[in-house]
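Read through the structure below, which is laid out as structure tokens, and then see the notes.
What follows is calculated from the coordinates using simple rules that are stated; it is not laboratory data. In this text, all values refer to a predicted model and were calculated from it rather than measured experimentally. Virtual Cβ from ideal backbone geometry, glycine too; neighbours counted across all protein chains shown.
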Ligand SMILES: [Zn+2]
């Protein structure tokens with residue numbers, strides 16, 4: 001009798017696994033209702049092992065997700081966690097849902113747990129959660145509390161540009177211009193290559209406090225550290241142009257082209273400066289270059305269908321994969 005019973009249990013066990021798989025097949029065949037039915041029936045069985053329960057709940061999570069029943073999907077994930085609090089699948093699934101719903105506090109708790117399990121540190125993302133929370137407070141008209149969150153974000157991630165921008169913006173809205181300028185400037189200090197994120201802001205800020213010259217100085221500082229900094233160079237050139245210092249503007253546009261010959265904006269600037277200085281022939285020459293660049297850009301490139309090699313001109317036999325007649329025009 002014992003052997004019979006053991007056989008039956010074994011049979012039953014295999015049965016459960018088979019049904020979980022069957023449901024999975026139905027789901028993948030785009031029949032999530034039927035999949036849900038199969039998996040749900042399994043939950044009424046007795047003597048399920050913890051492992052089986054977990055498997056069934058995981059399947060249910062997928063069914064509910066496909067049926068766009070997020071609330072039930074979350075319930076399934078939470079039930080998995082009552083069986084195994086460290087289940088990565090359930091934790092990850094919950095995290096995804098909470099991120100989608102913008103539930104940043106809950107998401108933080110789970111992400112910290114996952115970090116601990118995986119031995120990683122997603123401080124960058126935890127910091128962004130804080131920024132999002134703070135932004136909600138600012139939108140609700142509470143910039144003071146919002147800023148506390150932004151500062152917590154910086155505490156979690158010293159490089160959290162979103163936080164510096166948000167603090168600067170909120171100070172600017174409260175007319176605390178020097179404070180705004182201070183925080184925006186930190187973006188440049190931390191990530192010179194991302195400086196253009198704050199150019200417009202700083203320009204406005206410096207203008208309102210009557211320190212317009214400091215804007216040019218900020219850009220000059222960037223260029224001293226990195227003469228190839230394209231956005232700073234173009235911004236400074238344009239700044240000089242607006243001030244009427246056409247010679248300086250022209251020099252900056254030329255310098256930009258020395259480092260970035262493909263910069264359309266630099267070439268357009270140089271064209272304008274030549275034109276303004278009455279150098280018709282030089283302007284004409286630059287204009288022809290611009291036309292050439294524009295035509296190339298509009299026409300796009302050619303790409304091998306077989307190996308995805310890009311080419312600037314039409315090729316009839318691919319130099320990489322040797323395919324014949326495999327190139328097609330692609331828009332850039
Ligand atoms: Zn090829």
Going by a ≥ b ≥ c, the root eigenvalues of the Cα gyration tensor, does region 41-118 fall in the rounded group (a/c under 1.5), the prolate group (a/b larger than b/c) or the oblate group?
oblate
Do the sum for the chain: with -39,500 (n - 2.57) for every DSSP H run of n ≥ 4, divided by all residues, what is the mean residue ellipticity at 222 nm, to the nearest 500 deg cm²/dmol?
-24500 deg cm²/dmol
If you stretched the chain out fully between residue 313 and residue 142, how much longer would it get, using 0.36 nm times the residue separation minus the C-alpha to C-alpha distance?
55.9 nm
Using the basic label-point model (7 angstrom from Cα toward the beta carbon), what is the residue 268 to residue 224 distance in nanometres?
3.1
Residue of 198, 295, 16 that the Gaussian network model of the chain assigns the largest fluctuation, springs spanning Cα pairs under 10 Å
295
Cβ-based exposure ranking for 104, 275, in which fewest neighbours within 10 Å come first:
275, 104
Computed from the beta carbon distance with a Förster radius of 56 Å, FRET efficiency for residue 112 and residue 306 to the nearest 0.05 stands at 0.75
For a test of the definition: using alpha carbon positions, the gyration tensor, and the 1.5 limit on a/c, classify region 26-73 as rounded, prolate or oblate.
prolate
In whole angstrom, note down how far apart the Cα centers of region 127-171 and region 193-230 are.
23
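Once you have the Cα-Cα distance between residue 245 and residue 280, take 0.36 nm times their residue separation minus that, and quote the gain in nm to one decimal. Could the numbers behind the result be given before it?
On the way: separation 35, 0.36 × 35 = 12.60 nm, distance 1.90 nm.
Gain on extension, residue 245 to residue 280, equals 10.7 nm.
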Taking only Cα atoms and a 10 Å spring cutoff, compute GNM fluctuations for the chain and point out the largest among 106, 133, 152.
106
Please check: in the Gaussian network model of the chain (C-alpha springs, under 10 Å), which one of 254, 263, 308 has the largest mean-square fluctuation.
308
Suppose each label sits 7 Å from its Cα in the direction of the beta carbon; what would the residue 191-residue 260 distance come out to in nanometres?
1.7
Where labels lie 7 Å past Cα in the beta-carbon direction, separation of residue 96 and residue 25 in nm:
2.4
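For a test of the definition: using alpha carbon positions, the gyration tensor, and the 1.5 limit on a/c, classify the chain as rounded, prolate or oblate.
Details: a/c = 3.91, a/b = 1.73, b/c = 2.26.
The shape class here is oblate.
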